[in-house]
1. Just check the range 236-331 against the gyration tensor rule for me: Cα atoms, a ≥ b ≥ c as the square roots of the eigenvalues, rounded for a/c under 1.5, and otherwise prolate or oblate depending on whether a/b exceeds b/c.
2. First select every other residue whose beta carbon is under 11 angstrom from the beta carbon of Phe281; then total the charges, Lys and Arg +1, Asp and Glu -1.
3. Between Lys304 and Ser253, how high is the FRET efficiency from 1/(1 + (r/R0)^6) when r is the Cβ-Cβ distance and R₀ = 30 Å? Nearest 0.05.
4. In the range 160-219, with Lys and Arg counted as +1 and Asp and Glu as -1 at Cβ, which of these residues, Leu161, Gly205, Cys186, has the Cα nearest the positive end of the dipole, that is, farthest along it?
5. Taking the Cα centroid of the range 179-238 and of the range 23-97, what is the distance between the two, rounded to the nearest whole Å?
6. Points 7 angstrom from Cα along the Cβ direction at Glu240 and Ala278: gap in nanometres?
7. Report Rg(Cα)/(2.2 N^0.38 Å) for the chain, keeping two decimals.
8. Under 5 Å between amide H atoms, partner at least 5 residues away or on a different chain: which partners does Asn251 have, H built in plane at 1.01 Å?
Amino acid sequence: MDHLEKRIALGNLPTPIQKMNNISRFLEGPDIYIKRDDLTGVAFSGNKVRKLEFCGAFALEKGYDVLISCGGIQSNHARATAAAASKLGLGCHLVLGGKKPVDTEGNLFLDQILGASITFADGYGLNEMEDLMEEIAEDYRTKDFKPYIIPLGASDARGSLGYIKASMEMKEQFDNQGFEPDHIICPTGSGGTLSGLLAGKDLCGISSRITGFSVAFDSMSVKSKVMSVLEEIKGSYFPELNIEEININVNDSYIGEGYTKTTMEQLKMIKEVASREALLFDPTYTGKAFYGVTEEIRNGKYRKGEKILFIHTGGVFGLFPYKERFREDIF
């Protein structure tokens, strides 16, 4: 586990596990608990902070001076990368998929406050954004900078160490509270958090069934990406990882119209959770995934007597760009 010590502290860890008493009663199903990774910090809030602790340590060790990464206009990862770069005294350049918006708000507003340079990549696919990051990196190199490209979501073996470390943290919390949940559920986009949790389950001996609720990609694509990262984790860090015994469970039934797209039902659920638990979910990640959990409870997939732990991956700043939708459809 020596690899897990090669990190730089950015987040407020450990984060607590709390029971969602009111929502559990409201849904009349399993007992629902929540891992509050939205409390890792402010500008650093969310799951990406755990990953960036390892990416940031690597950048400093190797003498990189600019972090380059990509995401959507309201990317939590992009905002967290900008914050990490600022904290570590590094430059930051973000490639954001989409057209430059008229109004700057939410995570994009924070990207700018944090000092990141931004290139908007309207109409670019993921592979094209990766190519563009490399072009930007080469331009920095010609100016005698040393850029470090962090992939989408920091979803590689190095970034996934953050959730192997989190699994150790949760295992200790489970031991202290006297039970392990039957299910651990997380939102999954680029797959890094899910990869780390699955590797951590194997390495730490956690018995819970882990499921990723996809917010963007079909289950086969997510499983392929996760397996690739697990193989990289095994090859680079933990040869003892028993990949053959790892079940990659992905639910892609609640993607809807796609990434960043939401529905009235999802927004109603976000308001329900906020009004009953004082917990804030965002429509892109946590809100979409937790809506899926509530529907699965109503459909009998998760039953009374079971215990669910939902990983709150952050994203509160992503609520604000949807305020008009809330006004139109909910309030």
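1. Working: a/c = 2.16, a/b = 1.67, b/c = 1.29.
Prolate, since a/c reaches 1.5 and a/b exceeds b/c.
2. Numbers: positive: Lys271, Lys288; negative: Asp38, Glu272, Glu277, Asp282.
So the environment of Phe281 carries a net charge of -2.
3. Efficiency computed from Cβ-Cβ geometry: 0.85.
4. Of the listed residues, the answer is Leu161.
5. 17
6. Distance between the two pseudo-spin positions: 4.2 nm.
7. The reported ratio for this selection is 0.95.
8. Gly212, Phe213, Ser214
Bear in mind these aren't lab numbers, they're just calculated from the coordinates by the rules spelled out. Because the structure is predicted, anything quoted here is derived from the model rather than measured. All Cβ positions, glycine included, derive from the backbone under ideal geometry; neighbour counts span all protein chains shown.
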